[in-house]
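For reference, the structure discussed in these notes is given below.
What follows draws every value from the coordinates through simple rules; no lab data is involved. None of these values were measured; they are calculated from a predicted model. Cβ placement follows ideal geometry from the backbone for every residue including glycine, while neighbour counts extend to all protein chains displayed.
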Amino acid sequence: MSEHLPAIRYPRHPAHLDAYVEVLGPALAVRFLIAFGGCPMYFPDDPKGRSMAEALIGPARLQALGQRMPSRSIEIPVPRVWLILALKAEGKGIAEICRTLKTTSRNVKDVIRRDMLKARAA
């Protein structure tokens, strides 16, 4: 008997993350951005199975993501606010989010508080 887990409602992502979320899906985009955010990355036309990025997302997704990038070599963004909200949506606690994103609990709490206030105002 399989249990049905509720679907995770990820927060709306900023427009500059469209390629990542559309190609990888929100859950894998979160993992990819945590692992490679802030780093330069080269997207080959024909991945050969030697990169950590390819190991995480697979050759087809790496190639598809590369086709959506403005050039073959880019710096992966670090969308800290979206990542905090996405990890919170996944059910992660404040301390785990802090450790994962290398940020302070005050920063995490402030982002979550601002998001709740914004949701109430809408």
Tilt, helix 59-68 to longest principal axis of the chain (alpha-carbon atoms), in degrees rounded to tens, equals 80
Could you give the length gained on full extension between ARG9 and VAL81, defined as 0.36 nm per residue of separation minus the Cα-Cα distance, in nm? 24.3 nm
Taking amide H atoms as placed 1.01 Å from N in the peptide plane, list the residues 5 or more away in sequence, or in a different chain, whose amide H sits under 5 Å from that of MET41. ILE74, GLU75, ILE76
Among PRO26, LEU117, THR103 the positive-end extreme of the charge dipole of the chain (Cβ point charges): LEU117
Using Cα-Cα distances under 8 Å and only pairs 6 or more residues apart, what relative contact order does the chain have, in percent? 27
Once ALA95 and ALA119 are pulled to full extension, the length gained, defined as 0.36 nm per residue separation minus their Cα-Cα distance, is 6.3 nm
Cross-link reach list, lysines versus LYS109, counting only Cα pairs under 29 Å and skipping chain neighbours closer than eight places: LYS88, LYS92, LYS118
Using the Cα centre as the reference, give the magnitude of the dipole from point charges on the C-beta atoms of the chain (Lys, Arg: +1; Asp, Glu: -1; all else neutral), rounded to the nearest 20 debye. 580
Full-stretch length increase - ARG106, ALA35 - with 0.36 nm per residue and alpha-carbon distance subtracted: 23.3 nm
Please compute P(r) over all alpha-carbon pairs of the range 80-121, binned at 5 Å starting from zero, and give each bin as a whole-number percent. 5, 27, 38, 20, 8, 2, 0
